[in-house]
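Each value in this text was obtained by applying a stated rule to the coordinates, not by laboratory testing. From a predicted model like this one, the values you see are computed outputs, not experimental measurements. So basically every Cβ, Gly included, is an ideal-geometry build from the backbone, and we count neighbours across all protein chains shown.
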Amino acid sequence: MATVMSEEIKEPPDIIQVYIHLTKEVLPSLAKKRSLDWPVYEDHCFQRIVLDTICGGVWYEHLKRPAYRNLTNEQAKLAVELCEDIINGKANLNQLNQQSLSWRGKLKAVN
């Protein structure tokens with residue numbers, strides 16, 4: 001699959017729009033259409049996982065709300081790269097989700 005980023009994307013609003021498109025449209029659409037073993041399919045869940053991952057913890061402890069307006073250019077690029085890695089199977093969404101839930105203290109006990 002071709003990468004979403006291009007040389008034309010240079011300004012933060014552009015890269016942020018790519019991030020929003022990927023998390024609100026592309027990832028949820030793939031989760032619903034493919035027979036993937038993805039733990040989530042809602043846009044806000046993808047956003048939680050991506051933002052927590054790039055922040056290294058619960059995103060709203062690191063960023064003001066709304067996150068998309070407060071991402072640095074570098075954070076937005078990392079978010080887009082992570083989305084692309086998820087799409088291309090280079091990042092394990094199950095592991096990323098587990099880590100996100102762990103940071104939030106929401107992991108269910110496995111019996």
Listed residue pairs exceeding 27 Å between alpha carbons, taken from 32/64; 64/106; 32/90: 32/64
What trypsin sites (Lys or Arg not before Pro) in region 20-102 are in a loop by DSSP, with at most 14 other Cβ atoms within 10 Å of the Cβ? 34, 64, 90
The size of the Cβ-based charge dipole (Lys, Arg +1; Asp, Glu -1) of region 12-103 about the Cα centre, to the nearest 20 debye, is 180 debye
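Calculate, for residue 94 and residue 69, the FRET efficiency according to 1/(1 + (r/R0)^6) with r their C-beta to C-beta distance and R0 30 Å; round to the nearest 0.05.
Numbers: r = 29 Å, r/R0 = 0.98.
So the FRET efficiency works out to roughly 0.55.
Where does each of 23, 53, 72 land when they are ranked from fewest to most other beta-carbon atoms within 10 angstrom?
On the way: 23 25, 53 21, 72 10.
Ordered from fewest to most neighbouring Cβ atoms within 10 Å, 23, 53, 72 come out as 72, 53, 23.
Order these by the 10 Å Cβ neighbour count, fewest first: 43, 37, 14.
Values: 43 18, 37 7, 14 15.
Fewest to most other Cβ atoms nearby, the residues stand as 37, 14, 43.
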